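Input: a single structure, listed below in structure tokens.
The values are calculated or read from the model by the stated rules, or taken from the named source; none is laboratory data. These figures come from a predicted structure and were not determined experimentally. Using ideal geometry, Cβ is built from the backbone for each residue, glycine included, and neighbour counts are taken over all protein chains shown.
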Amino acid sequence: MALWTVHGDGRRVSDGEVVAPDERLSWPLTVGFGLQHVAAMFGATVLVPASTGFPVSTTLLFSGLGTLLFLLVTRNRVPSYLGSSFAFISPLAASRLEGLPAQLGGVLATGVLLVFVGVAVKALGVRLLESLMPPVVTGAVVMLIGLNLAPSATHNFQDQPGLAVFTLAVILLCGVLGRGLLSRASVLIGVLAGWIVAALTGGLSAARLDDVANAAWFGFPQLTGPELRPNVVLMVLPVVIVLVAENVGHVKAVASVTGRNLDGSVGDALIANGLSTALAGIGGGSGTTTYAENIGVMSATKVYSTAAYAVAGVSAIVLSFCPKFGTLLNTMPTGVLGGAMVLLYGLIALVGVRIWLDNRVDLSNPVNLMIAGAALVAGVGNLTVAIGGVALGGIAWGSLLIVVGHPLLRMLKSARA
């Protein structure tokens, strides 16, 4: 039985005509649309391992595999690309000195927990999430994760300020003044522009350029096994809250643009993303999430075919087997990275603000105001306290404070009333 039915004659789409998730165009056209999705996800997916010290080729491998797994688990109902999640940057960068295996242990544990959340949502319904994680909680966690590593971004920025300013300026101009793909690919364009300027002005490491010249065109990605360390696992686990919010939002967005009711697929999407993240943690890749960038591509083209995403997933896998490509990406200067990260960390935090605004979180309520304020300071200030020899950082303490404290204080206030 075919996975997709051919839309029309497969060779053309009229203006305003929609290609459904379970349909496809001719394979040459489908490949073309798939490559557009690769371009949309590429900048963000590559920047995460570049920021955390993960192997870029390995991350691309598990990003592609995760996308194919997502399409399989959701039974071709939810078109999505699973790229590297920015939410992992702060905890993984903060735990970088612990080593890659320990970082992977945190990714693995997060993926497993997300699978359990997905199973619970599939059994009990989406309203389970709304009661356990109201907008005031999810918004605060997203904000503190985005701002926790702000000092790292500014440090990279200050290391090569001229290059960082140029990179940031290109991103801002493309994002604000550009249209269509130019706007959606603003981060990728800014990074490439900064990279080219660094190469022309001698800002690239000669040793790294030699590594690129000596790297093979074909080879297997580096695979590394995980190591579970409580301090790292507890630092990374709060990312689950962000992944849940991103997946639920993605499914709702896809349902809106396709005109289909996908509430029954929320649990499947969470399970699929959890399995993808756990798989990455087992093999050496960064955690994954659904990508809003690719929703923009779908909205512009009206092509929602999951076949295009299958092509994108296969393309990422193929790229992962080119060591020269991965080595080239490792030549990214710190100034370019700093210019991009100053913006991206802020955008993550503002997603949390948007969650509060969209859901009209009442900050005149002392429960919301006080517990969220304390959690944000713990996260942004990177409050680090050791318990039983296990050091927990600001993301862990801030998240625990609001996830546990908010329902407890709300219950006490209700009882007193």
| query | Can you name the number of the only condition in (1) within 19 Å of Leu192 (Cα to Cα); (2) over 20 Å from the mean Cα position of the chain (by Cα) that Pro366 fails? | reply | (1)
| Which listed residue, of Val112, Val119, Val126, Val73, is crowded, with 18+ Cβ neighbours inside 10 Å, of a type outside the set (Phe, Trp, Tyr) and in contact (Cβ under 8 Å) with a residue 60 or more places away in the chain | Val73
| request: Considering each of Leu114, Leu100, Leu108, Leu92 in turn, give the residue that is over 27 Å from Leu376 (Cα atoms), at pLDDT 80 or above and out of contact with any strand residue (DSSP E or B) (no Cβ under 6 Å at 6 or more places or on another chain). | output: Leu100
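Matching residues to (1) assigned to a helix (DSSP H, G or I); (2) basic (Lys, Arg); (3) modelled with pLDDT of 90 or more:
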| site | (1), (2), (3) |
| --- | --- |
| Lys252 | yes, yes, no |
| Ala272 | yes, no, yes |
| Thr277 | yes, no, yes |
| Thr289 | no, no, no |
| Asn294 | yes, no, no |
| Phe325 | yes, no, no |
| Leu328 | yes, no, no |
| Thr331 | no, no, no |
| Val351 | yes, no, no |
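From the list Ala193, Ala153, which one is under 29 Å from Gly379 (Cα atoms), surrounded by 14 or more Cβ atoms within 10 Å (Cβ to Cβ) and either of a type in the set (A, V, I, L, M) or without any contact (Cβ under 8 Å) to a residue 60 or more places away in the chain (or both)? Break it down into steps so the answer makes sense when it comes.
Numbers: Ala193 fails: under 29 Å from Gly379 (Cα atoms).
When all the criteria are applied, what remains is Ala153.
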| Which number in (1) of a type outside the set (S, T, N, Q); (2) at pLDDT below 85; (3) under 15 Å from Thr45 (Cβ atoms) marks the one condition that Gly313 misses? | (2)
| query | Tell me, which helices (runs of 4 or more DSSP H) wholly within region 70-142 include 2 or more residues that are small (Gly, Ala, Ser)? | reply | 89-94, 100-124
| field | Hey, Arg75 over 16 Å from the mean Cα position of the chain (by Cα) and under 23 Å from Pro21 (Cα atoms) or not | value | yes
| task | May I ask you to verify whether Leu144 is farther than 25 Å from Ser265 by Cα, crowded, with 16+ Cβ neighbours inside 10 Å and over 17 Å from the mean Cα position of the chain (by Cα)? | result | no
| In the set Val266, Val232, Val239, which member is crowded, with 20+ Cβ neighbours inside 10 Å, closer than 30 Å to Leu168 by Cα, at pLDDT below 90 and under 23 Å from the mean Cα position of the chain (by Cα)? | Val239
| Which one of the conditions (1) part of a loop (DSSP other than H, G, I, E, B); (2) within 19 Å of Leu279 (Cβ to Cβ) does Asn247 fail to meet, given that it meets all the rest? | (1)
| said: Name the single residue that is modelled with the highest pLDDT among those in region 49-69 being in a loop (DSSP other than H, G, I, E, B) and surrounded by fewer than 23 Cβ atoms within 10 Å (Cβ to Cβ). | reply: Pro55
| message | So for region 6-18 (the condition being within 18 Å of Leu188 (Cα to Cα) and either more than 19 Å from the chain's Cα centre (by Cα) or modelled with pLDDT under 80 (or both)), does at least one residue qualify? | response | no
